[in-house]
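Everything on this sheet refers to the single structure shown next.
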Amino acid sequence: QVQVVESGGGLVQAGGSLRLSCAASGSIFSINAMGWYRQAPGKQRELVAVAISGGRTNYGDSVKGRFTISRDNAKNTVYLQMNSLKPEDTAVYYCNADVVLIGSNPVFRYWGQGTQVTVSS
């Protein structure tokens, strides 16, 4: 049983910044990766950024150079620093975690409920 909870969304003007947080909790043995996806109205969910073991990160093309993902492994938490925000960034942002549960071997992906980010022009 794992819970994933996002926070930090809100309304911001174009060119501004926001920092999102996501914390995983529950029967966690280890977390292989944590990432952020987003979904705008009428569009499919797309990758924003992912942080995997060893400190490696990957970003969607539309956010490269503007967003930064980071992890605090001791707290099972991931952050998304969003700078130079554009109206096109408006979406619900979802966090996920690839988790190895206590007492098991398989990896399960858990999703948060999402947090709304709205960027005004």
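The values are calculated or read from the model by the stated rules, or taken from the named source; none is laboratory data. All of these numbers come straight from a predicted model, not from anything done at the bench. Ideal geometry is used to build each Cβ from the backbone, glycine not excepted, and the neighbour counts take in all protein chains shown. Protein only, heavy atoms only, side chains kept; ligands, DNA and RNA dropped before computing areas. Shrake-Rupley method; radii C 1.70, N 1.55, O 1.52, S 1.80 Å.
A few points about this structure:
- Checked against (1) open to solvent by 80 Å² or more (accessible area, probe 1.4 Å); (2) acidic (Asp, Glu); (3) assigned to a strand (DSSP E or B), ASP98 meets all criteria but (1).
- Selection over segment 53-67 of residues that are open to solvent by 30 Å² or more (accessible area, probe 1.4 Å) and outside any loop (DSSP other than H, G, I, E, B) gives a count of 8.
- Meets criteria (out of contact with any Gly (no Cβ under 9 Å at 6 or more places or on another chain), polar (S, T, N, Q), surrounded by fewer than 21 Cβ atoms within 10 Å (Cβ to Cβ) and assigned to a strand (DSSP E or B)) for SER25: yes
- On the stretch given as segment 8-27, residues that are among the small types (Gly, Ala, Ser) and under 17 Å from the mean Cα position of the chain (by Cα) total 8.
- Within segment 1-22, the set of residues being within 17 Å of ILE102 (Cβ to Cβ) and in a strand (DSSP E or B) comprises VAL2, GLN3, VAL4.
- Residue check for ARG19: touching a strand residue (DSSP E or B) at 6+ places or on another chain (Cβ under 6 Å), surrounded by fewer than 20 Cβ atoms within 10 Å (Cβ to Cβ) and in contact (Cβ under 8 Å) with a residue 60 or more places away in the chain: yes
- Condition check for VAL117: open to solvent by 30 Å² or more (accessible area, probe 1.4 Å), under 16 Å from VAL12 (Cβ atoms) and among the hydrophobic types (A, V, I, L, M, F, W, C): no
- Residues of segment 73-114 that turn out to be closer than 15 Å to ALA14 by Cβ and under 14 Å from the mean Cα position of the chain (by Cα), as a count: 3
- Here VAL50, VAL5 are screened, and the one residue that is crowded, with 19+ Cβ neighbours inside 10 Å, closer than 25 Å to SER104 by Cα, at pLDDT 95 or above and within 16 Å of the chain's Cα centre (by Cα) is VAL50.
- Exclusive hit being farther than 17 Å from VAL117 by Cα, within 11 Å of the chain's Cα centre (by Cα) and not in a helix (DSSP H, G or I), set SER30, SER70: SER70
- Residue among ASN83, ASN105 that is modelled with pLDDT under 95 and surrounded by fewer than 18 Cβ atoms within 10 Å (Cβ to Cβ): ASN105
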